[in-house]
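Participant: Sharing a structure with you now.
The values are calculated or read from the model by the stated rules, or taken from the named source; none is laboratory data. All values derive from a computational prediction rather than experimental measurement. Cβ sites come from the backbone with ideal geometry, for glycine too, and all protein chains shown count toward neighbours. Heads up: the accessible areas ignore ligands, DNA and RNA and are worked out on the full protein's heavy atoms, side chains in. Shrake-Rupley method; radii C 1.70, N 1.55, O 1.52, S 1.80 Å.
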Amino acid sequence: MSFMKLTASTLAIAAVSATAAVARDNVQIAGSSTVLPYASIVAEAFGENTDFPTPVVESGGSSAGLKAFCEGVGENTIDIANASRAIKSSEVETCAANGVTDIIQVRIGYDGIVFASDINGNSFEFTPSDWYLALAAELPVDGAMVANPNTNWAEVNEKFADQPIQAFIPGTKHGTREVFDEKVILQGCEDTGAMAAILEINGGDEDAAEEACMTIRGDGLSVDIDGDYTETLARIAADTNGIGVFGLAFYENNTDKLQVATMNGVVPSTASIAAAEYPVSRPLYFYIKAAHIGAIPGLKEYAQFFVSDELAGPDGPLAAYGLVSDPELAATQAMVANEETMGSN
């Protein structure tokens, strides 16, 4: 993969000679499949343009990456966790219990969650309500909760094609799933009036109502995908009735195979996300183990390299792959330079 020539200022950040030999001399990263392509681009460029070895970047999902990150401090633990959601307070507590007490949260930009189907299939104009009515395990009907009877998109919305419901959604270890549950399924539950109906049924228990809203049917019409987006793409190739949930960048790199649906009438794009018009978008992060800075050669330099204007700015290679540049990127750069940890301000 080739990249534009990086400027002298960017190279100066990272062209520091590796420190004295340690047991491990390369940065190790794991986590979000959404952040994976961006991190891989940066890692390759970092290895090509600096004196440090190319970082090792693995996927596995946001939750899995943060779990590995929180296992402890030392050369046998990863240095960075990529995440398509913010770290949870429970994860921070687990980290602290294992000695990972200083964490640097780095927001790299924004991405959108898109709904895409086979390029030659039917087109869709979705709302969150459509997805709730299609995938909820149970729906409130006449004062009681009943198993979701909808098996066809035309039953969900009369404007839709006569097409069996077959959804491929991220598994629960993926950060994308949490955004999907909250910004699509839960929103749809509220928009349809189902939330109010469920509260009447259960006596006003809001937590139980939210859980009922976001419980996904288990009859095979919705399939959790625990792998990355390539697995979802393969499922759609095998079943052209399938509709998958993807990150914007993955879709944009597969427009020869997929067509994207609108959400609330908005086409997902870098422009619509940057303008805060597309309703299903989220910030992307990586988390640095501050205790490893200075111990693992190139760790801080990699982080600074990642969030430099030349890489993460609106005209950088990450934007070309679908990352929406963070308007507060300069503040992030300063935070990384100063090694500011969570809760330090």
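Participant: Sort through GLY203, GLY143 and tell me the only one that's free of Cβ contacts under 8 Å to residues at least 40 places away in the same chain, open to solvent by 20 Å² or more (accessible area, probe 1.4 Å) and small (Gly, Ala, Ser). Lay out the reasoning, then the answer.
Facilitator: On the way: GLY143 fails: free of Cβ contacts under 8 Å to residues at least 40 places away in the same chain.
Just one listed residue meets the conditions, GLY203.
Participant: Let me ask something additional. Go through (1) part of a loop (DSSP other than H, G, I, E, B); (2) in contact (Cβ under 8 Å) with a residue 40 or more places away in the chain one by one and return the number of the condition THR54 breaks.
Facilitator: For THR54, the failing item is (2).
Participant: Counting just the residues of segment 125-140 that are closer than 18 Å to ALA261 by Cβ and among the small types (Gly, Ala, Ser), which one comes out surrounded by the fewest Cβ atoms within 10 Å (Cβ to Cβ)?
Facilitator: Selected residue: SER129.
Participant: Taking the stated definitions as given, is ASN122 open to solvent by 60 Å² or more (accessible area, probe 1.4 Å), on the phi < 0 side of the Ramachandran plot and either in a loop (DSSP other than H, G, I, E, B) or not acidic (Asp, Glu) (or both)?
Facilitator: yes
Participant: Out of the residues in segment 67-98 meeting the condition of being open to solvent by 10 Å² or more (accessible area, probe 1.4 Å), in a loop (DSSP other than H, G, I, E, B) and touching a residue at least 60 places away in the same chain (Cβ under 8 Å), tell me which one is farthest from HIS174 (Cα to Cα).
Facilitator: Restricting to residues being open to solvent by 10 Å² or more (accessible area, probe 1.4 Å), in a loop (DSSP other than H, G, I, E, B) and touching a residue at least 60 places away in the same chain (Cβ under 8 Å), the top hit is GLU75.
Participant: Let me ask another. Residues being among the β-branched types (Val, Ile, Thr) and part of a loop (DSSP other than H, G, I, E, B): count how many of those fall in segment 173-230.
Facilitator: 2
Participant: Within segment 290-323, restricting attention to residues that are open to solvent by less than 10 Å² (accessible area, probe 1.4 Å) and more than 24 Å from ASP102 (Cα to Cα), which residue is modelled with the lowest pLDDT?
Facilitator: Step by step, filter segment 290-323, then rank; the result is GLY322.
Participant: Separate question: Within the bounds of segment 101-119, is there any residue that is in contact with a strand residue (DSSP E or B) (Cβ under 7 Å, 6 or more places away or on another chain), open to solvent by less than 20 Å² (accessible area, probe 1.4 Å) and hydroxyl-bearing (Ser, Thr, Tyr)?
Facilitator: Scanning segment 101-119, I find at least one residue that is in contact with a strand residue (DSSP E or B) (Cβ under 7 Å, 6 or more places away or on another chain), open to solvent by less than 20 Å² (accessible area, probe 1.4 Å) and hydroxyl-bearing (Ser, Thr, Tyr), so the answer is yes.
Participant: Sort through GLY193, GLY188, GLY218 and tell me the only one that's closer than 29 Å to ILE236 by Cβ, modelled with pLDDT of 95 or more and open to solvent by less than 40 Å² (accessible area, probe 1.4 Å).
Facilitator: On the way: GLY193 fails: closer than 29 Å to ILE236 by Cβ; GLY218 fails: open to solvent by less than 40 Å² (accessible area, probe 1.4 Å).
Exactly one of GLY193, GLY188, GLY218 is closer than 29 Å to ILE236 by Cβ, modelled with pLDDT of 95 or more and open to solvent by less than 40 Å² (accessible area, probe 1.4 Å), namely GLY188.
Participant: Can you tell me how many residues within segment 324-345 are of a type in the set (S, T, N, Q) and open to solvent by 60 Å² or more (accessible area, probe 1.4 Å)?
Facilitator: Of the residues in segment 324-345, 3 are of a type in the set (S, T, N, Q) and open to solvent by 60 Å² or more (accessible area, probe 1.4 Å).
Participant: Identify the residue in segment 44-66 that is under 19 Å from the mean Cα position of the chain (by Cα), of a type in the set (A, V, I, L, M, F, W, C) and at pLDDT 95 or above and, among all such residues, is most open to solvent (accessible area, probe 1.4 Å).
Facilitator: Among those that are under 19 Å from the mean Cα position of the chain (by Cα), of a type in the set (A, V, I, L, M, F, W, C) and at pLDDT 95 or above, it is VAL57.
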